[in-house]
Every structure is written in structure tokens, then in C-alpha cells.
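Novice: Questions regarding the structure given below will be posed in turn.
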Amino acid sequence: SSKEAQEHLGLTKEEIKSSFLENLFYRIGRIPPLASNLDLYSALALAIRDRAFKQFVKSTTEIARKNAKSVAYFSAEYLPGPHLGMNLLNLGITTETRQALEELDIKLEDLLEEEVEPGLGNGGLGRLASCYLDAMATQGIPSVGYGIRYEYGIFKQEIKDGWQSEATDKWLHFGNPWEVVRPEIAYEVKFGGKTEHGQDFNKELHVEWIPDMKLKGTAYDTPVLGYKGNGIIMRLWRSEAIESFDFSAYNGGDYYRAVEKKIRSENLTKVLYPNDENLSGKELRLKQQYFFVSCSLQDILHLHMLQNRSLETLHEKFTIQLNDTHPSISVAELMRLLVDRHDMEWERAWDVTRKTFAYTNHTLLPEALETWPVSLLGHILPRHLEIIYEINSRFLHELRDSNFSGEQIASMSLIDERGEPSVRMAHLATVGSYKVNGVSALHSMLLKNQVLSDFASLWPEKFSNVTNGISYRRFLAVSNPGLSNLITEKIGDGWYTRLDDLKKLENFVEDEEFQQKWTEVKLENKKVLACYIQEQTGISVAPEMLFDVHVKRIHEYKRQHLKVLHILSLYLRIKSGNGNEIAPCAFIFGGKAAPGYFMAKRIIRLITAVGERVNNDPEVNSKIKVVFLPNFSVKQAQKVYPAADLSEQVSLAGKEASGTGNMKFALNGALTVGTLDGANVEICEEVGEENFFLFGLTTAEVEAVKAEGYRPYKLYEENARLREVLDFLVSEELSGGDTELFRPIYENLLQQDPYLLLKDYESYINCQDHIHEVWRNKKEWTKKSILNVANMGKFSADRSIRDYCEEIWKVEPVRVS
Ligand code: 26Y
């Protein structure tokens, strides 16, 4: 019976030990003396995965019994990070497992190091999706995370001669103990061909889509545990050929052609696109989006019909959250499934569709708003293009009846007719959803008043904000045990489920013994990171230095190069003998550049060049060090945040939708230097301006500067010290002779400077001088650090998920023990 099966899944030390050994023997085929760390890790992971599935089965049984409303989170990206440590925490068996392994002379920490993380996303958006699965599971929200099982995730970044180079991410190479394949859960997906409009036997109009290619998506499930209780799954689709082998071709003797079809089908989910800004007209990318959306929607309709009689109540049992526009073809696909496959009338279907989807926007950057050329979309998805035109024609009709001008109507249309006609996916998502939200207060305001302002005036109640949040169980409890234990000693462990509890730390801010321990923990974490840096880059940094950290995707709008200008200014100051005020500091960078993003790759080269110069100059290298940590990932991030003193959040105001790294740093006691952008605004509000280093223009000031006609060259001429720094960029000294190396950056800053580095320069440098002053007063710094952590309660993903549940989804938790 299932009860018996689950009795093997106990949580005592003895039970964990015996099932670990069983898994090692029966599933890995090894005994401890002959096993590698990878074997041991795999056996432990399998033992833990079984326990995670047990929680999932319990939760699902209860949800089914109640026929409760569920959330389907649609995301083309996930960045779950390593599973093992989190699952142990969530099952409450970290100590028991450590002891069980110790009795076998195995160190848990060694096994944790073995795990290869699934890099199935680019950055913030993918990581957010994973934080939300964690929070939904914790709160017992009936939910599934749907996505794509990329065989190769985000590329592995290596630094060669100072440049980024990309290698494939073979994350499945040694197998994946966390997933279970479900060959019986598979759906057919069609592409290309044509449509035929005719009448069915009842003389009803009927559309038939005759594709020229079909494949199937198979489900791969990974359990995601909540803290001490519920379990949900992340269901990722892998593309496969419908027949694994083309028998007619094979029998005809053409073995090669028989296999070719299989290979072509499997290509679809082969690799994640490593871009996080524009990706114009990539056919395979559109196919990926449609593929996962179609599988997921078919799965949802199937699950709905198991328990309900009609698809007309779909929106009462499911709500689907679109993580940006990447899954927004869903709107047309659900219409197709309801109208063409399930014979629902257009109006009914449209009503159900608009009550089912909600859309989260993650960017205001015009170049990042997705559009698909009409010709491409019609070629790959002919029926969907017809449906989009039908939705659009009805929508524009509605607008004509309201008081919109012709110009407004053209700008709201789902089709952009200005150049090559293309479909505006954000408009499709907005029209097809019952709610649209941004990801921070500032971003939601700008979304409503600028990017989608006409839609907001048409449907004001449709727009809302849900400020992003993070999994602090991962980014504090698991990754920073030193600080976690210190916090728990003082205020108990209630903060594991109620982050607001951290507020109690304010009572101890003047407690000198506590302050002392606080700095000791940070120093310990810095020693660990210093070792890791040494190992990874060969650069030695002293743990006593101020660790000034800038980790995130490399983008001009995020302004890593503003940080570089600051470093160069310090370098020149030290060289000219004016460096006494500068506290010893290590500048630590990390982040990937999209492989085709010229400027971003130059910026990486610039950082490594500055590093070579600075780190090898005995006149400066006792004062400053510059490190570029290759291959930033969730796993690496968990080593970095706990050791940071200063968090760099320096995007141009109005450009960073939210940021979530900013939250992870502050939660680990780093102080932030930042602009009034994204969630920085709210972090600053929570921790207090006196505990946050603000600089730079506001969004309104940025707009004013641009409206006036910004001329960066003028600033270059006026500010001698800035000029010295910029000229150093193209000096032989920095580039080792190749003065053309950084000229593109130099020219860009002097001619256009689209992200106003020169405008914010003075304010940034002054702010950094102030930071060094505060840093020298250790007690002052420590108090600010404690107050930052104490006021991070708002930024818990648990709170974000509660907001989504209450204001958007109207979904209730279903809890199990
Ligand atoms: C269309 C394709 C090229 C594409 C792929 C990935 C476009 C965008 C992306 C990823 C965007 C992303 O990561 N956005 C970030 O989302 C975070 C979570 O809301 C925000 O905190 C962060 O400010 C935003 O840049």
C-alpha cells in the first residue's frame, strides 16, 4: 500500500541513514568505500527526493479532495539553485542528515558542493519564479510551476585573456536525481501548415489547422518543498518526436532519415537563449514559447476536466500567471483550444480566457518589449495569427466606441504597423488578462503612467503592483548559517516563516556583545569568500578590506562601468599621493553578458584590465583589489551575499524594474549604495535614509535632463577630475598598448551616454567618499548593518505571494502537516 511505501521515508537519523545506504546500493550500485563524492551525493539526493515527493502527494491529495482553485505559474525560465540544502531545511532534517552521514565518515558539506544547479534562466526573472514556487509551497497554495526543460541552460562563463568566453552548460551530464520523467503525461504540439475554414456536420463554422510538423512534449516533474509541510511540483516539458523512429523511412532502408526527425524534434528544447534584452525574430525561440504554453494549457484543461464538468468554469478552478510576455501566446492558444477543439462560442471563450490570465511585466526598456513579425508568426502558427487578428479587430472596435483618438488606437493595437508589421506581445497579454502588475512601486507607477498608460485609462482597475520578494530561507537560513544562528539565538526561529520578526533585532542594536558577534560572523564569511576568490581567480584579498560587491547580469543600464570609473578615480588618487582617506577595499564583480552584446563584453574586459593593473601595482594593491568572479550563478551567489559589506545597486533611475539582488544583500547585512530605482526606493524607505547610501538623479530628473538635450561632452570639458578618469580609459597604461580596446566605451560615454553615467558621476564619487568615512567607524557601520537586516521583512517572497493571492489570484491555501 502507499502507506507501507511511505514508511520507508522516515525522518529520523537512523531512517535517513538506512535509506541513504539503500539508494547508494540499489540505485547507484555502490558501497561507501568505493563511492565517489558524486555517487554519495546522488544517493542522498534520491533519498531526499523521495521524501519531497511524499509531501507533494499529500498536498495534491488534499487539493483534489477539496477541488480547490490552483495557480499555474507560466515561466520560460527558472533558476532553482541547488536543491539539496533547501530540501533538508524544509524537511527539518539538516542536523539528522549531517549526523547520519558523520557516522559513515562522510561530511554533508562535501556532498552539498557536488550539486550542479539547473541554470534554466538568465537572471532576475528566472530566479524570481523559483522564489515564488518556494513561497507558494510554504504557504500551501495549490500551484504548479510550468516551464521548459532546456537540455543546456545558461552558458558557463569562463574568462580567457580577460574576455568572457562561453561554454555549454551540460547540467544533465551526470544525471538529475531531483526529477521524475512522466512518459504518460505527454501532449501533441503542432507547427506550421495552413488552416481550412469550413462547416462541420452541424453546419457550424469550424476551423481546421493542418500543420506541417508535429511533436510531443513530455513532462518532467521536480518537487519543490515548502517550509515544514506542503510540496508542489515544477513541471518542465521536453520536446520529443511523436514516433521515436520513422518506421516507413527505416523500412525503406533510409536509416539516417528515420533518425533525423527525432533529432529535429529534440532540438526545440535543446538550449536556453542567453539574452535578456532583445531577441528579434528568432524562430526557434517562438517555437519554444508556443511549445511549453501549449503543453501546459492542454495539461490544465485535462486536469480541470478530471474534476469538473465544463470548461466554462475554468477560471474558477485555475488562474494562470504569465511571467512577462514570454508565455503570452497562451492567450491565443487557450482561445484556439476552447473554440476549435472544445467547440465553445467565441464570446464565451473570450470571457473565460480574460478571467483566467494575469500578466506580470518586468521591464520598461523599449528594446526588451517582445514583438513578433506577423510574417513569422503566421508561418509558424497560422491559426494563432488569425485568432490574434480577430481579438484585435474586436478590441479596436471597442476603442472606436470609446473616445480614443486615431493615434491612440494605432498605438494600442496588438499590431504595430509602423515598419514591418509585428505583434506586440505586451498588448496581447494586457488585453487577454484580468490583471496586469509591475514588480515594484516605482515600476508599476511608470508602467501605468507611461508604457501602458492608454490601457490604464481604459481599465484602471486592471493595474496593480506586487513588489518582488525573495526566499530568505535560501538566501539567509541556508546560505548564511552563521548569521542565522546569531539571529535565532536572540529572537528565536519565528523569522523562518514570519520575516517581520526580524524587526525584534532593533532591540539589540546598542548591545555591544551582539555587535561584536555580528562583525565576527561577517568577518568569518569574508574569510570563506576570500578563499573561494583565491581558488577561482588566484587573486588574494584581505578579509579586513571593505567588500564592495557588484553582481548581476552585465548591462549598460545597470552601470557596472560607473563602478569602474569610481575605481579608476581611486587608483589615480592613490598614484598621486592623495589616497589617505581611502579605506582598503576589494571590488568584487560577477555576472554574465549576453554573448552578442558588444558593449557588455567590453565592460567585462574593462573590469579585468583594471584588475590586472591594480592588483599588480604594489603602490596600490594593499589599498584596493579588483576581482571578476567567473560564472555567477545561484550557487555562487549564495557564497557572495553573506560576505558583502557594500551592495552596489547603481542603475539609472527608471530602468531597473525591481532588482532582487538588492534584497539578498541587505538581508545579509550589507549596506546599499544605490539610486532611487526599482525596489531600492522601498528598501530605502524600510531601512531609513540614514542607513542607506543614496545618490544620483531621480526618475523625474532623468526625464528632465533628457528633455533638455543631454550633452555629456560638456561635463567632460567642465570636470577636470572626471576628464582625467575618462582619458585614462584610453591610455596605453590601462590597455597595455592597445588604446583602441576601450575606445568604444569612451566614445559612447562622451557622445551619447544613454545611461547618464557622467551626469551621476560626481554624486556617486561623493557618496563613496562618505561611505569610506562611515566604514572607518566600525560601530556605526555595524549598527546600520543590523538595522538593515531588521527591516527587511517586507521583501519576503511569502509576502509577495500573499499579495498575489489576495489582490490577484483569489486563491486560498490548503495546508497539510
Ligand atoms: C525576450 C527575451 C530576450 C528576454 C529574456 C529574459 C527578455 C527578458 C528576460 C529577463 C528579464 C529579467 O530578468 N528582468 C528582471 O526581472 C526581475 C524580476 O522581476 C527584476 O527584479 C529586474 O529588475 C528585471 O530586470
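Where a number appears in this text, it was derived from the coordinates with a stated rule and is not lab data. Since we're looking at a predicted model, the values are computed, not measured. Heads up, the Cβs are rebuilt from the backbone with ideal geometry, glycines too, and the neighbour counts pull from every protein chain shown.
Novice: Which shape class applies to the stretch 472-795: rounded if a/c is under 1.5, otherwise prolate when a/b exceeds b/c and oblate if not, where a ≥ b ≥ c are the square roots of the Cα gyration tensor eigenvalues?
Specialist: Because a/c hits 1.5 or more and a/b exceeds b/c, the stretch 472-795 counts as prolate.
Novice: In the chain, what percentage of the DSSP-assigned beta bridges are antiparallel, given to the nearest 5?
Specialist: 45 percent
Novice: On to the next question. For the stretch 472-795, what's the relative contact order in percent, using C-alpha pairs closer than 8 Å and at least 6 residues apart?
Specialist: 23 percent
Novice: Oh, and also: If a/c stays under 1.5 just call it rounded; otherwise compare a/b with b/c (prolate if a/b is bigger, oblate if not). Do that for the stretch 26-84, with a ≥ b ≥ c from the square roots of the Cα gyration tensor eigenvalues.
Specialist: Since a/c reaches 1.5 but b/c is at least a/b, the shape of the stretch 26-84 is classed as oblate.
Novice: Which of rounded, prolate or oblate describes the chain when judged by the alpha-carbon gyration tensor and an a/c cut-off of 1.5?
Specialist: oblate
Novice: Please work out how much length the chain gains when fully extended from R711 to N37, using 0.36 nm per residue of separation minus the C-alpha to C-alpha distance, in nm with one decimal.
Specialist: Fully extending the segment from R711 to N37 adds 236.8 nm.
Novice: Let me have the relative contact order for the stretch 105-208, percent, based on Cα pairs under 8 Å that are six or more residues apart.
Specialist: 17 percent
Novice: For I185, what residues show an amide H to amide H distance below 5 Å, using hydrogens built from the backbone and excluding near sequence neighbours?
Specialist: Hits under the 5 Å cutoff: A219.
Novice: Quote to one decimal, in nm, the extra length available between E762 and Q536 on full extension: 0.36 nm per residue of separation minus the C-alpha distance between them.
Specialist: Result: 78.0 nm gained on full extension.
Novice: Next question. Of the listed peptides 75-88, 356-369, what is their order by residue-averaged count of other C-beta atoms within 10 Å, with the highest listed first?
Specialist: Going by the mean number of other Cβ atoms within 10 Å, highest first, we get 75-88, 356-369.
Novice: Going by C-beta contacts inside 10 Å, put K552, K69 in order with the fewest on the left.
Specialist: Listed from fewest to most nearby Cβ atoms, that is K69, K552.
Novice: Report the relative contact order of the chain, percent, no decimals, based on alpha-carbon pairs under 8 angstrom and at least 6 residues apart.
Specialist: Over the chain, the number comes to 14 percent.
Novice: Could you run the Karplus curve 6.51 cos²θ - 1.76 cosθ + 1.60 with θ = phi - 60° over the stretch 291-299 and give me ³J(HN,Hα) per residue in whole Hz, x for Gly and Pro?
Specialist: 4, 6, 5, 5, 4, 5, 5, 4, 5
Novice: Order of V564, V57 from fewest to most other C-beta atoms within 10 Å?
Specialist: V57, V564
Novice: Sticking with this structure for a sec: List, in order, the whole-Hz ³J(HN,Hα) value for each residue of the stretch 119-131 obtained from phi through the Karplus relation with A = 6.51, B = -1.76, C = 1.60 and θ = phi - 60°; use x for Gly and Pro.
Specialist: Once θ is set to phi - 60°, the couplings for the stretch 119-131 become x, 8, x, 8, x, x, 5, x, 5, 4, 4, 6, 4 Hz.
Novice: What are the residues whose amide H is under 5 Å from the amide H of I624, where those residues sit 5 or more places off or on another chain and H is modelled from the backbone?
Specialist: Answer set, sorted by chain and number: C585.
Novice: Given a cut-off of 28 Å, name the pairs among K503/K779; K54/K526; K448/K794; K462/K794; K13/K228; K160/K635 whose C-alpha atoms lie farther apart than that in the structure shown.
Specialist: Among K503/K779; K54/K526; K448/K794; K462/K794; K13/K228; K160/K635, the Cα-Cα distance tops 28 Å for K54/K526.
Novice: Shifting gears a bit: Where does each of F201, F395 land when they are ranked from fewest to most other beta-carbon atoms within 10 angstrom?
Specialist: Final ranking by Cβ density, sparse to dense: F201, F395.
Novice: May I ask you to evaluate 6.51 cos²θ - 1.76 cosθ + 1.60, the Karplus curve with θ = phi - 60°, for each residue of the stretch 776-783 and list the ³J(HN,Hα) values in order in whole Hz, giving x for glycine and proline?
Specialist: 5, 8, 4, 5, 4, 4, 4, 4
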